[in-house]
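Each reported figure results from applying straightforward, stated rules to the coordinates on display, with no laboratory input. Just so you know, these numbers come straight off a predicted model, no measurement behind them. Don't worry about glycine lacking a Cβ; one is built from the backbone with ideal geometry, like all the others, and counts go over all protein chains shown.
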Amino acid sequence: MTSSQIVSAAHSEGESRGALRGVVAIDGPAAAGKSTTARGLALLSGAAYLDTGAIYRAVAWAVLRDGLSPEGGQVADLAGRLDIDISVDPSLGQQVTVDGERVEAQLRSRQVSEAVPSVASHPIVREAVHQIQRNVIARLVASRGGIVVEGRDIGTVVAPEAGLKVFLTASDDERALRRSRQEGVTTWNGIMAVRQALLRRDTRDRNRAVSPLAKAPDAVEVDTTSMTPAEVVDRLVSLADERGMLRLAAHPPVGPDGTPDDGPQETITSPATFRSLFRGHAAGVVVITADAGSGPVGFTATSLSSVSLHPPLVAFALSTSASSWETVSAATSVVVNFLSADQHEIARRFATSHVDRFAAPTSWSRLPSGEPVLDGVPAYLRAVPESRFEAGDHHLVVARAVEARIRRLHLPLIYHAGSYTTATTVL
Ligand SMILES: Nc1ncnc2c1ncn2[C@@H]1O[C@H](COP(=O)(O)OP(=O)(O)O)[C@@H](O)[C@H]1O
Ligand SMILES: Nc1ccn([C@H]2C[C@H](O)[C@@H](COP(=O)(O)OP(=O)(O)O)O2)c(=O)n1
């Protein structure tokens, strides 16, 4: 297993940095809310997110695939040979591959859950997985600024230098109920069986010889029994902020003239402050396409806004230096392609200069009225530009909506804190 494989899926290094600086380690027993909280915090702060339990689960899945005994010595040999890949982008949902096979849907099966504590207690397996985790953490802190890592031994063994360590707990009953709800178990006997399995796994995790589940002495314990997921994330945001780990875009530590952020209201004098302000403002992402007779053009925009309902008007802005401007300034109509959360590659492509944005893998077609439209977008709007203004270093276009098509419900692609993300029900 190599760390480069782990980070390869769905996350390219060198991507812009989020608001979190450093490592947040979240440990705790099963169903305390570690994944939910870690993912929520990472989404909110533009950080990467590593679910270390999924790596142990992936090893356990391979052990079962090969018909090995989870307790047997062959497990250590197998772990060294496995090719495991896990996504670290919180906006994408989990993607895990083992030897090229996508397995995330199988990682929470009863069999894997039963096998994983034994697999995770092999010292050689842990050593291999620890090394991978440390490499991933170092690389993501370098490229993205921050990472939220959750597991059982992150604050104690994997990242003892983490800037914030949290030990999440919840009562046994609450955890049993949460896991039951998650697994769709509704009967009393079923819930009792889930509770028993969960406590059995906790006991094994706490009592194993090598890096057992334990609270680091300097970890903050957060009992989530009566907290909503949003409250837990809020609490972690406060803890990270208290430790100076958050560069909250909307609240730069000092203004352009050195005034503290809780000082008097400031006049914006620096582009950095202006940019910083808008890094903290979440915006939906669209691709605007047009053709004025010389071929299709398109660009990614976060500036789309609905301006008027009667008549239906939208507005968007385009840089004066944009290659698409010539076409957009001459086009009699444009198409606003709304993007869903999984279409961040399209957003990136239509924001990249000097490439043929319409060449493969872009898939597109033309509306009966002739405008280019991207295939697979969940919704689009055809609009006729009515006014074009010069506005500083941008052109502002106001266009009348003439035709809309909603193909499917979707989670929107959102740009926030320099990263693509999406709306989540967690928060
Ligand atoms: N604070 C909370 N209140 C209610 N349910 C929660 C809370 N946090 C998480 N959950 C739910 O409990 C289940 C287990 O949470 P999860 O984050 O997977 O826990 P862990 O990663 O610690 O095993 C999930 O279905 C999740 O939606
Ligand atoms: N850092 C870690 C993470 C998980 N493990 C082990 C212990 C757990 O029983 C399994 C599965 O972890 P996972 O976080 O997926 O489990 P839960 O979601 O809490 O049920 O892996 C570990 O030993 N060390």
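For the peptides 89-100, 204-215, residues were scored by their other Cβ atoms within 10 Å and the scores averaged per peptide; the highest-first order is 89-100, 204-215.
Kirkwood radius for the stretch 376-420, taken over all pairs of different Cα atoms as the inverse mean of 1/r, rounds to 13.2 Å. Using only side-chain charges placed at the Cβ, +1 for Lys and Arg and -1 for Asp and Glu, the dipole size of the chain relative to its Cα centre rounds to 720 debye.
Taken over the Cα atoms of the stretch 57-101, the convex hull encloses 73 Å³ per residue. Beta-bridge orientation, the chain: approximately 75 percent antiparallel, per DSSP, counting only bridges with both partners inside. Taking 37 °C and 0.692 mPa s as conditions, the stretch 292-427 diffuses translationally at an estimated 209 µm²/s according to Stokes-Einstein applied to its Kirkwood radius (Cα pairs). Against the compact-protein benchmark of 2.2 N^0.38 Å, the Cα-based radius of gyration of the chain scales to 1.12. Here is the P(r) of the stretch 45-123: all C-alpha pair distances, binned every 5 Å from 0, give 3, 16, 28, 23, 16, 7, 4, 1, 0 in whole percents. Each peptide in 373-380, 416-423, 176-183, 26-33 was scored by the mean count of other Cβ atoms within 10 Å over its residues; highest first, the order is 26-33, 416-423, 373-380, 176-183. Highest mean first, the peptides 38-47, 398-407, 164-173 sorted by other C-beta atoms within 10 Å per residue fall in the order 38-47, 164-173, 398-407.
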